[in-house]
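One structure is given here, and the rest of the page talks about it.
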Amino acid sequence: LRFCGVPPLVAAASGAGYGAFLRVCEAAGRPNLAGANMAYSRAAAGLAGGYPDVEALEDVRLGLALARLGEVAYVPGAGVGTSARRLSGGVLPFLWRHLLNLSGHTRGYFGP
């Protein structure tokens, strides 16, 4: 993922940062999937139970459910631009949300 609608340096940093985040997730045994860059059929999503009723990590949970049904592949060259709205509250809260994601926290970004 790479933020769009931001200066080129911020876009490049976001792409590099997301790549680093994915490597940390992998090393921690907590795979991460981004809903903005996932593709699956409606039928497969239905078989997997659809998006779970959680406030956060619904894309990751759906991806894990899909993986139990069959192969989930990562395509390194399939990058997408995503909204930079997540930065509107500042960089530190944005990074905090990602740490919560890494921990497996599913109660929203700042809930208990």
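The values are calculated or read from the model by the stated rules, or taken from the named source; none is laboratory data. For clarity, every value in this text was computed on a predicted model and none was experimentally measured. Cβ sites come from the backbone with ideal geometry, for glycine too, and all protein chains shown count toward neighbours. Areas reflect the complete protein model, heavy atoms only, side chains present, ligands, DNA and RNA absent. Shrake-Rupley method; radii C 1.70, N 1.55, O 1.52, S 1.80 Å.
With a Förster radius of 25 Å applied to the beta-carbon distance between Phe94 and Glu26, the computed FRET efficiency rounds to 0.75.
For the chain, with all protein chains present and a 1.4 Å probe, just round the carbon and sulfur fraction of the accessible area to a whole percent. Spell out each step's value before the answer.
Details: 4440 of 7310 Å².
For the chain, the apolar C and S fraction of the accessible surface comes to 61 percent.
Counting 0.36 nm for each residue step from Tyr40 to Leu9 and taking away their Cα separation leaves a gain of 8.0 nm. Ordered by solvent-accessible area of protein heavy atoms (1.4 Å probe), largest first, the residues Glu55, Glu26 come out as Glu26, Glu55. Note on Phe3: accessible area approximately 20 square angstrom, rounded to 10, probe 1.4 Å, nucleic acids and ligands left out. With the whole protein complex present, Tyr18 retains an accessible surface near 40 Å², based on a 1.4 Å probe.
At full extension, Leu47 and Tyr74 could sit 7.7 nm farther apart than now, given 0.36 nm per residue minus the alpha carbon distance. Straightening the chain between Arg86 and Ala67 buys 4.1 nm, computed as 0.36 nm per residue apart minus the Cα-Cα spacing.
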